[in-house]
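Below is one structure, written out as structure tokens, with a few remarks after it.
The values are calculated or read from the model by the stated rules, or taken from the named source; none is laboratory data. As the structure is a prediction and not an experimental result, all values here were calculated from the model. Note: ideal-geometry Cβ built from the backbone for every residue, glycine included; neighbour counts use all protein chains shown. Surface areas here come from the heavy atoms of the whole protein model, side chains and all, with no ligands, DNA or RNA. Shrake-Rupley method; radii C 1.70, N 1.55, O 1.52, S 1.80 Å.
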Amino acid sequence: MLYRHGFGMELRHLKYFVVVAEELNITRAAGRLRVAQPSLSRQLSDLESELGVKLLERGRHGVHVTAAGREFNRRAKAVLADAARAADAARVAGGLMAGRLRVGFPTALHLDHLAPVVRAFREQFPRVEFNFAYGLQESQMRGVREGTLDVAYVNLPSPLHGMDHGVIWRLPFEVVMPARHPLARRKSLELRDLAGEDFVFCTRESRPAFYDEFFRHCANEGFRPQVVQEVGGYPSTMLALIGLGVGLSVLPHFERAEGIRGLVWRTLARPKLWADFALVWPRKVASPLLLEFVQLAQRMLGVDATGGGSVVGL
């Protein structure tokens, strides 16, 4: 059935509905859209009258989206995304790039690594606004899938269905130990050399993929790590404990960690383990603005991730 859009359906009507569907509350949606509540209610009623279906059920405690509303919401989001991409493409073709990039990151170290790309992009496109959002890996991936983030900075391997990615940081796993540890006299070590040593290690709850993968490699070398101190959170706490002489560990070698007193890093010659960090973005909805950014990041920071060794998730 065809409907006449007599009241002049515009992109703003789609945006109004999408925001109401997200908030499930007219008052909150009006505040977020910065329009008067009566005006928003009237626009939604006009939209429903034009379509001939009920999109929302109003109640005392808010609104509920109907089955027709859910389908309309899905397609309205796609139309809005297409319109945004069309606007970006026109700006690129006209030599003017403007807009906003929402970038997720896991730690200050990662954001610092990405900083030269951000500075170069800002110099090239000064009208682009950046919004940065800290988050753990799961929340970042969810943000990219749900459209609240344009690009996320994550550790591989990770489920990447429907996403593109580019590795921009590859770090070797090395043995880190107190400076006065007997093994510190050696320049390189194999994993089997660490059998019987006291380990400072993460809890399995904090990094299950890394924990299981590392213990598997140790089992292949004929031992189980003797963990005397478990630590949740980021490796900085582990490094501080190692510097105090509690034990040793195997961690990605961040150059900035060299400044922590009382530590030495030694090459892990066998097995060769790597931590790969990548930018990930949605394959189907990447805007010209986003593609310009990730291409610049790959030109400035991209690494060859096809070498030997195993990539271990953190």
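What to note about this one:
- Selection of helices (runs of 4 or more DSSP H) fully inside the stretch 1-112 by the criterion of at least 1 residues being modelled with pLDDT under 85 and crowded, with 17+ Cβ neighbours inside 10 Å returns 67-93.
- Considering residues of the stretch 121-166 that are of a type in the set (S, T, N, Q) and in a strand (DSSP E or B) only, the residue nearest to residue 101 (Cα to Cα): 131
- Only one entry of 170, 185, 180, 192 meets the criterion of being free of Cβ contacts under 8 Å to residues at least 12 places away in the same chain and either farther than 20 Å from residue 235 by Cβ or out of contact with any Leu (no Cβ under 7 Å at 6 or more places or on another chain) (or both), and that entry is 185.
- Scanning the stretch 264-272 turns up no residue that is buried (at least 21 other Cβ atoms within 10 Å of the Cβ) and modelled with pLDDT under 90.
- Enumeration of residues in the stretch 184-201 that are assigned to a strand (DSSP E or B), open to solvent by 30 Å² or more (accessible area, probe 1.4 Å) and closer than 18 Å to residue 253 by Cα: 188, 190
- Comparison of 216, 204 shows that the only residue that is basic (Lys, Arg) and part of a helix (DSSP H, G or I) is 216.
- Leading residue by the ranking (nearest to residue 201 (Cα to Cα)) among those in the stretch 219-236 that are of a type in the set (D, E, K, R) and either open to solvent by less than 70 Å² (accessible area, probe 1.4 Å) or assigned to a strand (DSSP E or B) (or both): 230
- Looking only at residues of the stretch 172-183 that are within 36 Å of the chain's Cα centre (by Cα) and closer than 13 Å to residue 242 by Cα, we find that the one that is surrounded by the fewest Cβ atoms within 10 Å (Cβ to Cβ) is 179.
- The set of residues from the stretch 37-53 being of a type in the set (A, V, I, L, M) and within 37 Å of the chain's Cα centre (by Cα) comprises 40, 44, 47.
- Scope the stretch 237-295; condition over 22 Å from the mean Cα position of the chain (by Cα) and either of a type in the set (Ser, Thr, Tyr) or part of a loop (DSSP other than H, G, I, E, B) (or both); matching residues: 237, 244, 245, 246, 247, 249, 260, 261, 262, 267, 271, 272
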